[in-house]
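Below you'll find the structure, written out as structure tokens, and then a few comments.
The values are calculated or read from the model by the stated rules, or taken from the named source; none is laboratory data. Since we're looking at a predicted model, the values are computed, not measured. No Cβ is skipped: glycine too gets one built from the backbone with ideal geometry, and neighbour counts run over all protein chains shown. With ligands, DNA and RNA removed, areas are computed over all heavy atoms of the protein, side chains included. Shrake-Rupley method; radii C 1.70, N 1.55, O 1.52, S 1.80 Å.
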Amino acid sequence: MIENTVERLHRIRQNEANSHIDVYTHEKLYDSDTWLKKPIKTVQDLMSSFSGYKELRVLDLGSGVGRNSIYIAESFQGEICSIDCVDILDVAIEILEKNAAEHNVGNRIKGIVKAIEDFHITEDSYDLILAVSALEHIDSERHFTDKLSEISQGIRDGGIVCLVINSEVTEIDSATEKVFGAKL
Ligand SMILES: C[S@@+](CC[C@H](N)C(=O)[O-])C[C@H]1O[C@@H](n2cnc3c(N)ncnc32)[C@H](O)[C@@H]1O
């Protein structure tokens, strides 16, 4: 049976979701030999930029189980910190909320089960917008560019946008050698 493009995309997305669920349900945050071992260095380095802030509002798109957000919630020394964590997987948000409670930052973290494509970013709302290994999962190029412009509207003056995107994937049809994957 020949797989069409829609079926192929569905299969790839399902495999990605399964591999995330596998890691999230078998590995413990910050106590694992996988990528859940620690927050990314860029996020660790960014925190000093907010040292004078009394209030910090953060949006974490494709948050997973809180690898970066829980670190931010624990590190921020100001009084008010609220982090909106958006992920398409309900399992991820369920574990994120457990992790936040275990790390005593449950009151700083809000889990939202939603596709990034469907989460509307309100204008001028966040001091930090993060998307770590997440925007490459958006379902179309148009939704991707729409989300970039929403991000640029959603960040407050002086805020920081941190986007980490895996872009080294190039897909080549082995029969025709036609290149499909465009680097973002
Ligand atoms: C590689 S993980 C990174 C998780 C987290 N940002 C981190 O650095 O630990 C990608 C995450 O994006 C989520 N994801 C994938 N596609 C998504 C989408 N369209 N909308 C929201 N989340 C999505 C996955 O469920 C997964 O938790």
Looking at I21, I72, I93, I109, which one is touching an Asp or Glu at 6+ places or on another chain (Cβ under 6 Å), within 16 Å of the ligand (Cβ to nearest atom) and under 28 Å from H143 (Cα atoms)?
I93
Residues that are open to solvent by less than 40 Å² (accessible area, probe 1.4 Å) and away from the ligand (no atom under 16 Å from the Cβ): does the stretch 120-127 have at least one?
yes
Could you list, in sequence order, all residues of the stretch 28-60 that are among the hydrophobic types (A, V, I, L, M, F, W, C) and in contact with a Ser or Thr (Cβ under 6 Å, 6 or more places away or on another chain)?
M47
Assess whether V23 counts as being crowded, with 21+ Cβ neighbours inside 10 Å and touching a residue at least 12 places away in the same chain (Cβ under 8 Å).
no
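For the stretch 128-145, enumerate the residues that are away from the ligand (no atom under 13 Å from the Cβ), open to solvent by 60 Å² or more (accessible area, probe 1.4 Å) and not hydroxyl-bearing (S, T, Y). Even if it seems obvious, please write down each step before you answer.
Quick first cut of the stretch 128-145, residues away from the ligand (no atom under 13 Å from the Cβ) only: 128, 141-142, 145.
Of the ones still in play, those that are also open to solvent by 60 Å² or more (accessible area, probe 1.4 Å) are 141-142, 145.
Once the filter is applied, which keeps residues that are away from the ligand (no atom under 13 Å from the Cβ), open to solvent by 60 Å² or more (accessible area, probe 1.4 Å) and not hydroxyl-bearing (S, T, Y), the stretch 128-145 yields E141, R142.
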Restricted to the stretch 44-69, and to residues that are more than 12 Å from the chain's Cα centre (by Cα) and part of a helix (DSSP H, G or I), which residue is surrounded by the fewest Cβ atoms within 10 Å (Cβ to Cβ)?
S48
Which one of these does S149 not meet: (1) more than 15 Å from the ligand (Cβ to nearest atom); (2) surrounded by fewer than 14 Cβ atoms within 10 Å (Cβ to Cβ); (3) of a type in the set (G, A, S); (4) in contact (Cβ under 8 Å) with a residue 12 or more places away in the chain?
(4)
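Looking for something in contact (Cβ under 8 Å) with a residue 24 or more places away in the chain, within 25 Å of S152 (Cα to Cα) and within 8 Å of the ligand (Cβ to nearest atom) - is there at least one such residue anywhere in the stretch 40-58?
Initial filter on the stretch 40-58 (in contact (Cβ under 8 Å) with a residue 24 or more places away in the chain): 40, 42-44, 46-47, 49-51, 53-58.
Adding the requirement that they be within 25 Å of S152 (Cα to Cα) leaves 40, 42-44, 46-47, 49-51, 53-58.
Restricting the remaining residues to those that are within 8 Å of the ligand (Cβ to nearest atom) gives 40.
Within the stretch 40-58, one or more residues are in contact (Cβ under 8 Å) with a residue 24 or more places away in the chain, within 25 Å of S152 (Cα to Cα) and within 8 Å of the ligand (Cβ to nearest atom).
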Of all residues in the stretch 152-175 being in contact with a Ser or Thr (Cβ under 7 Å, 6 or more places away or on another chain) and closer than 20 Å to G66 by Cα, which is least open to solvent (accessible area, probe 1.4 Å)?
C162
Can you spot a residue in the stretch 72-86 that is open to solvent by 20 Å² or more (accessible area, probe 1.4 Å), outside any strand (DSSP E or B), within 30 Å of S48 (Cβ to Cβ) and modelled with pLDDT under 95?
yes
